[in-house]
1. Which of the residues spanning segment 262-301 are assigned to a loop (DSSP other than H, G, I, E, B), over 30 Å from Ala252 (Cβ atoms) and either free of Cβ contacts under 8 Å to residues at least 12 places away in the same chain or in contact with a Lys or Arg (Cβ under 6 Å, 6 or more places away or on another chain) (or both)?
2. Just to check your reading of the model, which residue among Asp244, Asp283 is charged (D, E, K, R), modelled with pLDDT of 95 or more and within 19 Å of Glu213 (Cα to Cα)?
3. Residues being in contact with a helix residue (DSSP H, G or I) (Cβ under 6 Å, 6 or more places away or on another chain) and open to solvent by less than 40 Å² (accessible area, probe 1.4 Å): count how many of those fall in segment 290-304.
4. Can you tell me which residues in segment 131-161 are open to solvent by 30 Å² or more (accessible area, probe 1.4 Å) and β-branched (Val, Ile, Thr)?
5. Report the residue count in segment 211-231 for those that are among the aliphatic types (A, V, I, L, M) and in contact with a Lys or Arg (Cβ under 9 Å, 6 or more places away or on another chain).
6. Against the conditions (1) hydroxyl-bearing (Ser, Thr, Tyr); (2) open to solvent by 10 Å² or more (accessible area, probe 1.4 Å); (3) farther than 23 Å from Leu291 by Cα; (4) in contact (Cβ under 8 Å) with a residue 24 or more places away in the chain, where does Thr222 fall short? Just the number, please.
7. Name the residue, out of Lys320, Lys258, that is open to solvent by 60 Å² or more (accessible area, probe 1.4 Å) and assigned to a helix (DSSP H, G or I).
8. With the requirement that a residue be part of a loop (DSSP other than H, G, I, E, B) and either without any contact (Cβ under 8 Å) to a residue 40 or more places away in the chain or in contact with a strand residue (DSSP E or B) (Cβ under 7 Å, 6 or more places away or on another chain) (or both), what does segment 303-317 give you?
Amino acid sequence: MKALHHLLAGVVLAASFAASGSANAEDTLKIAMGQRGNWDTSVAHLGTEAGIFKKHGIKLDMLYTQGGGETMQAVISNSVDIGSATGTISVMAAFVKGAPIRIIGAEATGAADFWYVRADSPLKTIKDATPDTTIAYSTNGASTNSVVLGFMRAYKLKSKIVPTGSPSSTFTQVMSGQVNVGWSAPPFGFEALKDNKIRIVARANDLEEIRHETIRTLIANTAVLEKKRDALDRFMAAYRETIDWMYSSDDALAAYAKFTKTDLDTARKVRDDFFPKSLIDPDKISGVDLLMADGIAFKTLSKPLTPEQLQTLIQIPPRK
């Protein structure tokens, strides 16, 4: 009996060590993100640097892409577990075609993107654009594409809209005279604004519809939902906690300034002037009907998704 007692005690002790090791172990999740250095796409980096994801047992393997399309393909191919800042319309279109992806959170509701001209441009606002004016957006189906089409509708413009790629490549095209109105996302372009080389003529959030649309999302491969559900729940808990910290601490601003190689005043301007906390709230997908209407206008969707399809597509882990 005494030997059996020692044996059982050893089993219990071993189980205790195993449970302790499991609790302390970190699950690694691969995440792909576009637009490196944007405030909204910096959640994963800042939360990792602050130890928030580690606290929730998550280690992030971060990969930066050229944009939402590349990010989405990485998720679809299961090369990464999570994609950040993917255009919602493009995600809907891929889902309808059978892509193994699900929306696990809102990444941006509204947009901080802005449109600008060279300082010597005759345009005072984007409403002054003529049929000869060329207006930039990043890529077809991107959130910037949605915004520009929104400008065209709201202000009854007849201008030519052109895909110009990243903020840096767009800036080159604007300054060289190839494009009249460029697009950018904070903090890119702030130095040129400060030096009076460019002027802002429109902001995405000037449009009522954009302010209430979740134009970018967090997505995951269906295999992640099936096999890594607990890790995904903890990722979202850490993501939410990081956002709370980003809006309550100057330490977060200092970390962002270091990450983007800028100063604290610029970091504060990015957050306070362009990114209200509601913009990056991950828990609510808004403006779905408007987004689907835009998708049909872009010809990326042939018809609206059904309520059943939307319920399948949108699977945000609940707060705990």
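1. The answer is Lys299, and nothing else.
2. On the way: Asp244 fails: within 19 Å of Glu213 (Cα to Cα).
Among Asp244, Asp283, only Asp283 is charged (D, E, K, R), modelled with pLDDT of 95 or more and within 19 Å of Glu213 (Cα to Cα).
3. So the answer is 4.
4. Thr139, Ile161
5. Residues flagged as among the aliphatic types (A, V, I, L, M) and in contact with a Lys or Arg (Cβ under 9 Å, 6 or more places away or on another chain) within segment 211-231 amount to 4.
6. (3)
7. Working: Lys320 fails: assigned to a helix (DSSP H, G or I).
None of the other options fit; the residue is Lys258.
8. Across segment 303-317, the qualifying residues are Lys303, Pro304, Thr306, Gln315, Ile316, Pro317.
The values are calculated or read from the model by the stated rules, or taken from the named source; none is laboratory data. These numbers come from a predicted model, not from an experiment. Note that each Cβ is placed from the backbone with ideal geometry, even for glycine, and that neighbours are counted across all protein chains shown. We work out accessible area using only protein heavy atoms, side chains counted, and drop any ligands, DNA or RNA first. Shrake-Rupley method; radii C 1.70, N 1.55, O 1.52, S 1.80 Å.
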